[in-house]
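Heads up, the thing below is written out as structure tokens.
The values are calculated or read from the model by the stated rules, or taken from the named source; none is laboratory data. All of these numbers come straight from a predicted model, not from anything done at the bench. Glycine also receives a Cβ, built like all others from the backbone with ideal geometry; neighbour counts cover every protein chain displayed. These accessible areas exclude ligands, DNA and RNA; they are computed on the full protein's heavy atoms, side chains included. Shrake-Rupley method; radii C 1.70, N 1.55, O 1.52, S 1.80 Å.
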Amino acid sequence: MKKRIALIPGDGVGIEVTAEATRLLHALATARGLPLELVTFDWGAEKYLREGVSLPTGALEMLRREFQAIFIGALGDPRVPSNQHAADILLGIRFGLDLYTNVRPVKLLDARLCPLKKRTERDVDFVILRENTEGLYVGMGGNFKPGMPDEVALQEDVNTRKGVERILVFAFEYARQRGLTKVCMSDKANALRFGHGLWQRTFEEVRRRYPEIDATHLYIDTLAMEMVRDPSQFQVIVTSNMFGDIISDLGAQLQGGLGLAPSANINPGQVSMFETVHGSAPGIAGKNLANPFAAFLTAGLMLDYLGFVREAAEVEKAIKEAIRQDRTTRDLGGSLGTREAGAWVVGELSH
């Protein structure tokens, strides 16, 4: 049975790196006989500016019914200052398909790329699991007396027992299924005692279901310090929406930058969405400068999710070799452009 993948190139460099990821997926499908069918959708700034359409009516139902995965490029365009189209598409899919877990692996592929002293590939190899549908990003709140000296702005942090429990269960199951032994939950319950007190109580209950796993807790500020001091102590980190957003970018720097940072938005067993962590970078769009490796690693996460585990490992291996030989874009110390770096990796996978 074919695995149908919806491709949404997005804006800026998202279009460029998605083109390279598409080429990689086609090459793997041909060389390894993978039953992949890729379908491209033009949702992004151009369509929004031309037609006033961001996420078309019926899109979520179509994606849920007809596709097994979604690959989405970065969204954002200075011609849409509010980036309303990006919020409609990205958050619309995350919330509309209930993709409640954001998976962000932090894996150092070459010790030369780590900004920390004397750290090796063994020291930086963990995953951050971010709650993806609640917290401060639900958009609940408002402004009273906008534009006046005494304006009041309210932004609500929404945490439900269901939402917290399922991301915690996902974290422990993720560890168990991969033979990992450590899960660290992070919150700020000492200051946010209502919302994050719920995280604390739920964590205490869920951890008892997994006695074989070493379950620990760190406040988010302490976690950020510890990720820098000794990243080797972590295997699985689970946290709230905003905190996960922040520390996953810190993690990206530990592994060599946003050009090597993949992510997945998962609802187990359902159509799920895979996206690079980096933005649309309009300043370098169209200049053949963007690093395609994050898009390749994101494609690898998608292949793994679809059951093509060996091919996902081959993608990572090819990128490691490209870094070792300096066949990379400038951000990683090489001299290749987007297309040339992409072509080198695709060549490695095509034989």
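Helical runs (DSSP H, four residues minimum) scored at -39500 (n - 2.57) apiece and divided by the length of the chain put the mean residue ellipticity at 222 nm at -12000 deg cm²/dmol.
Extension gain, residue 228-residue 178: 0.36 nm per intervening residue step, less the Cα-Cα distance, totals 15.6 nm. With both labels modelled 7 Å from their Cα along Cα-to-Cβ, the residue 64 to residue 208 distance reads 3.5 nm.
Accessible surface for the chain, divided over its residues, is 44 Å² per residue with a 1.4 Å probe.
Full extension of the chain between residue 162 and residue 79 gives 26.0 nm of extra length, using 0.36 nm per residue less the Cα-Cα distance.
Too long at a 29 Å Cα-Cα cut-off: which of 47/188; 162/320; 2/317; 118/317; 118/188; 188/317? The answer is 47/188; 162/320; 118/188; 188/317.
Please report the spacing between the Cα centers of the range 162-207 and the range 212-239 in Å, no decimals. If you average the Cα positions of each part, the centres end up 12 Å apart. Distance from the C-alpha centroid of the range 13-90 to that of the range 241-283: 16 Å, rounded to the whole angstrom. Placing a label point 7 Å from the Cα of residue 219 along the Cα-to-Cβ direction, no residue of the range 130-170 has its backbone N under 14 Å from that point. The share of accessible area on the chain that comes from carbon and sulfur is 53 percent, using a 1.4 angstrom probe. Peptides 141-153, 320-332, 78-90, ordered by how many other C-beta atoms sit within 10 Å of their residues on average, highest first, read 320-332, 78-90, 141-153. Over the range 214-319, the ratio between the Cα radius of gyration and 2.2 N^0.38 Å evaluates to 1.19.
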